[in-house]
Structures are given as C-alpha cells and as structure tokens.
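Throughout, read-outs are computed from the coordinates displayed, never taken from laboratory work. This structure is a prediction, so every number in the text was calculated from the model and none was measured. When we count neighbours, we look across all protein chains shown, and the Cβ atoms used for this are built from the backbone with ideal geometry, even at glycine.
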Amino acid sequence: VPSFRTGIPAAFGLTKLEGRRDTLAEVAEVALGLICANGGFLRSGEGPLARMELAEVGRLMHALATVEAASAPSSRPLSPTQQRAADALEKARKYLVESQNPDGSFQGDTWGGKEGTGAQCMAVLALLHAGEPRESVAIKRAMKYLEGRNFVTKYETYEASVQLMLLEKYFEKEIAQ
C-alpha cells in the first residue's frame, strides 16, 4: 500500500488513539491519497478521475468507501479510561441480573416502610441502559413483576417519573417508528 500523507483525516479528527493503530484513519488517508494521485477531485486534464463528472467521482468514492468499510473494524478501540468505565458498567449489569429474585423483583422493594415500584423500575431502567436486551429473561421477568403490581406508586411524582423513563426506554424502538 502506498503511503500518502494528506493530513485531511487528522483535520476530520481521524487520528490515532493513544499510540494505537487507527485502521479507519489509515483507510481514509490511503483513499484520499489515491484520489489525489489519480487526478484529485477537480483537477483537469490529468489522471482517470479528471475525466469523470463530479457525480461519477462521488459514486466511485461511495463504492470504494463501502468496500473498505466492509473490512474495517466495527468499532474503534476504547481508551483505557473508557475501557475501565465499560468494565464497571458490565460488572454492575451482571450484579443486577444475578441479584434479581425469581419473581422478577429486586431486593429493596420498600423504602421507609412504603411499598412501591420506583426502585424496581430504576433497576430495570439501569439494566436496559447498560445494554441488557429487552428480550432477555431478566427484563421479561422484571416487566412481568411490574405489570402484576400495576406499576403501583407510593411516592407519586418520583415513581411516576421513573416508571415513565422505564417505559420510554423499554418501548424506544416502537416510539422511534
């Protein structure tokens, strides 16, 4: 692969992450270099791209980008700080799943002696935000438990707010349609 240095990917923020190899930035650098070496975007009279209309160059760039993107990693590597955060979130997600009661509830169903579903809703909301699929056994059991309790509220505004946030997250696919 020829080495092209246009500096354009750096201008777009496609730079290496903490000394690691950034494949996407390298793909962008090579693609932009090849385009420049073959006549650039608008340079007239030289190279194969110079003989193409601008729309044809756009379609070619799209096709090349699609081919390259198919072999690119699905995500960029996380920085050490991001990785620690992701690990902590996964540990918390696993803890919630493992601490769920067989009926779908979570410990701590009462606060101050009053029974309600706010804490239950918050646990399910946290699981969904942590990436637990709504089709998982844990989410299905929790939702069945909450439905059986009719999403009872004892703290009114607080619990209603948490319940609404949970339902919005749970049904976000349907809401987006």
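Here the peptides 130-142, 78-90 are ranked by packing, the mean other Cβ count within 10 Å, and the order with the highest first is 130-142, 78-90. As an exercise, use a Förster radius of 25 Å and the Cβ-Cβ distance of SER74 and LYS94 to find the FRET efficiency, rounded to the nearest 0.05. In this case the efficiency is close to 0.65. If R0 is taken as 22 Å, the Cβ-Cβ distance between ILE175 and HIS129 corresponds to a FRET efficiency of 0.90.
Under 5 Å between amide hydrogens, built in the peptide plane, is the criterion, and for PHE106 it picks out ASN101 among residues at least 5 positions away or on other chains. May I ask which of LYS94/LYS140; LYS91/LYS169; LYS140/LYS173 have a Cα-Cα span longer than 19 Å here? Cα-Cα > 19 Å for LYS91/LYS169; rest within.
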